[in-house]
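Encoded as structure tokens, the structure appears first; notes follow it.
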Amino acid sequence: MVDRAGALAERVWQRYDRRERLIRYAVLLATMMLVYWAVRDIDIFWPWVWDAPNQISSLGARMWPPDPSRLAAIVNAMLETVHIATLATLLTIFVALPVSYIAAQNTTPNRACLWLGRFILVSSRSVNTIIWALLFVAIFGPGVLAGILAIMCRSVGFIGKLMGEAIEEIDRRPVEAMQATGASKAKVIAYAVVPQVMPAFFAIVILRWDINIRESTVLGLVGAGGIGVILQGSIDTFAWPTVATILLSIIVLVLIGEAITSLLRRRVI
């Protein structure tokens, strides 16, 4: 009887193992076909691909050594980039927090508000920052205002989604205890919800500020202010040593931003 049960178990295991192998082979085949179709349908001029190492070497020779003659203008543009990221992050907080509140299932007033909040978050994340910048440049004209609004519209989806998830994961017992005492909804939010999500709030905002600094460096390519304006002008005039200086400055700025955010996370969270 035991031998029969063992043989049956072995047959079941072999059948399961065979099915797993077939699934893996099917997934591998589908992936290979998808890659093949993608490469076939993309119009790539392969001689340029094979010549890329020579072009990179030539460009690197033209960019070296970096030209520090415009360093003062570059530093001013970098400060403008930081201002864009900082102001956009601050504005995002005032927009994203109400949206995250109505987008969380355990705090939304009703289903209509829930889907409205989630629609706002999805719409914000679906459009790239450069697209937002192009839109606001067309509305407000070139400048930092377009850059600030572009970063803000992109950041709403990021902060709102993560804050909404943090709200959904809170402990319901303090909320239910305050509701049982007859506390108003505003007091429930202030004393039962906010204290639980404050660590997540600081972590998310600090992380998004770090991301916004990186994204702000390219907004000038479409006229939305920041260091990208000087970068685009230098590329257009083939001032490659100045381009090298700008790229090095961007790397330094990102490293400084990373150090500051790491320090803030250790001190605040």
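Of all residues in segment 117-136, none satisfies being surrounded by fewer than 15 Cβ atoms within 10 Å (Cβ to Cβ) and more than 19 Å from the chain's Cα centre (by Cα).
For segment 57-82, how many residues meet the condition of being part of a helix (DSSP H, G or I), touching a residue at least 60 places away in the same chain (Cβ under 8 Å) and either out of contact with any Ser or Thr (no Cβ under 9 Å at 6 or more places or on another chain) or farther than 18 Å from residue 253 by Cα (or both)? Give the steps one after another, and end with the answer.
So the first thing to find is which residues in segment 57-82 are part of a helix (DSSP H, G or I), and the list is 57-63, 68-82.
This time we only want the ones that are touching a residue at least 60 places away in the same chain (Cβ under 8 Å), so: 59, 62-63, 68-71, 73-75, 77-78, 80-82.
Restricting the remaining residues to those that are either out of contact with any Ser or Thr (no Cβ under 9 Å at 6 or more places or on another chain) or farther than 18 Å from residue 253 by Cα (or both) gives 59, 62-63, 69, 73.
Total meeting the criteria: 5.
Of all residues in segment 234-260, those satisfying the criterion of being surrounded by 14 or more Cβ atoms within 10 Å (Cβ to Cβ) and within 29 Å of residue 140 (Cβ to Cβ) are 234, 235, 239, 242, 243, 246, 247, 249, 250, 253, 254, 257.
Annotation note: Cβ proximity below 7 Å between a residue of segment 167-183 that is closer than 12 Å to residue 197 by Cβ and a residue that is among the aromatic types (Phe, Trp, Tyr) and surrounded by 16 or more Cβ atoms within 10 Å (Cβ to Cβ) (sequence gap 6+ or interchain) occurs for 167/101. A count restricted to segment 165-185 and to residues that are of a type in the set (A, V, I, L, M, F, W, C), surrounded by 15 or more Cβ atoms within 10 Å (Cβ to Cβ) and in a helix (DSSP H, G or I) stands at 4. Filtering segment 212-269 to residues that are within 14 Å of residue 129 (Cβ to Cβ) and either part of a helix (DSSP H, G or I) or modelled with pLDDT of 85 or more (or both) leaves 212, 213, 214, 215, 216, 219, 220, 221, 222, 228.
On the given criteria, is residue 85 surrounded by 12 or more Cβ atoms within 10 Å (Cβ to Cβ) and either in a helix (DSSP H, G or I) or of a type outside the set (Asp, Glu) (or both)?
Details: surrounded by 12 or more Cβ atoms within 10 Å (Cβ to Cβ): yes; either in a helix (DSSP H, G or I) or of a type outside the set (Asp, Glu) (or both): yes.
Taking the combined requirement at face value, the residue satisfies it.
The values are calculated or read from the model by the stated rules, or taken from the named source; none is laboratory data. Since the structure is predicted, the reported quantities are computational estimates derived from the model, not experimental observations. A quick note on method: Cβ atoms are made from the backbone with ideal geometry, for glycine too, and the neighbour counts reach across all protein chains shown.
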